[in-house]
Amino acid sequence: MDNDTTADIYSNFFDKYNKGGGQAYVSKEIKKEFHEYFNDYEDKNNSFFGLAQAQWETKSLEPEVYEIVKGLIENGTDLKLWKELDADKAMIAERKVVLENFLKQISTEKPKAKRRVKPKYKFTMNELANISPPDDNKVFTMNEEFRNGEYIHTSGIMMWKSGGGGGVLYFEGLGKNITAEWINNNKLKIVHDSTIDFTMKRTESSYYTDDVEVEYCAE
């Protein structure tokens, strides 16, 4: 069943399934997300084949999906489409065998549902600031953070080299203008785009007796 449409339906089903989506919910979302595929003359068959394969592997094959797939195979609808798309006799004969084997497969319930595969996450950062004051006993870092290449948020963190520290600022907005500079050992100035909507905006940070004032200046 090697086809781009089938692969799109199948892979998107498992993307949602592996993230914890229940089978019924995932199927509903796939039908909604790819409704154009399921209603397109040339893509409809392969869409249902991909969905049926995914549902069968997760022990959630819907009776109506099974009946649609069975009809497409047994009444020759899919082979007729292949002829219309100029497939030669050898290709059609091979397709017939593949379809018959597929129908035989999904006509018997799978013993066990395919296990969910926990998504792998890769976190990366784009450094915006990494600066220490003259006394060099602490550092302020600011980074745009990404998960699997997708932007999450921008964070600013104060850490003392002897231990301790924490978050100073957070906001969402990739590519926003924001800079930081130390005025002295105990004052940090943040200059930022006026459109930034901070979800965290602390005006002070401290560790033991070392207190830092954080000043914000919107441009």
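The values are calculated or read from the model by the stated rules, or taken from the named source; none is laboratory data. Quantities reported herein were computed from a predicted structural model and do not represent experimental measurements. No Cβ is skipped: glycine too gets one built from the backbone with ideal geometry, and neighbour counts run over all protein chains shown.
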For residues that are outside any strand (DSSP E or B) and in contact (Cβ under 8 Å) with a residue 24 or more places away in the chain, scanning just the range 201-215, find the one that is farthest from TRP182 (Cα to Cα). TYR208
Determine whether SER155 is surrounded by 12 or more Cβ atoms within 10 Å (Cβ to Cβ) and more than 30 Å from LEU79 (Cα to Cα). yes
Answer yes if at least one residue in the range 79-102 is under 24 Å from the mean Cα position of the chain (by Cα), within 23 Å of ARG116 (Cα to Cα) and modelled with pLDDT of 95 or more, and no otherwise. no
Return the residue satisfying two criteria in turn: it lies in the range 1-42 and is of a type in the set (S, T, N, Q) and in a loop (DSSP other than H, G, I, E, B), and of such residues it is nearest to the chain's Cα centre (by Cα). ASN3
Suppose we filter the range 168-216 for residues that are surrounded by 16 or more Cβ atoms within 10 Å (Cβ to Cβ) and touching a Pro at 6+ places or on another chain (Cβ under 6 Å); how many remain? 1
Mind checking whether some residue in the range 112-132 is assigned to a loop (DSSP other than H, G, I, E, B), at pLDDT below 95 and over 35 Å from the mean Cα position of the chain (by Cα)? no
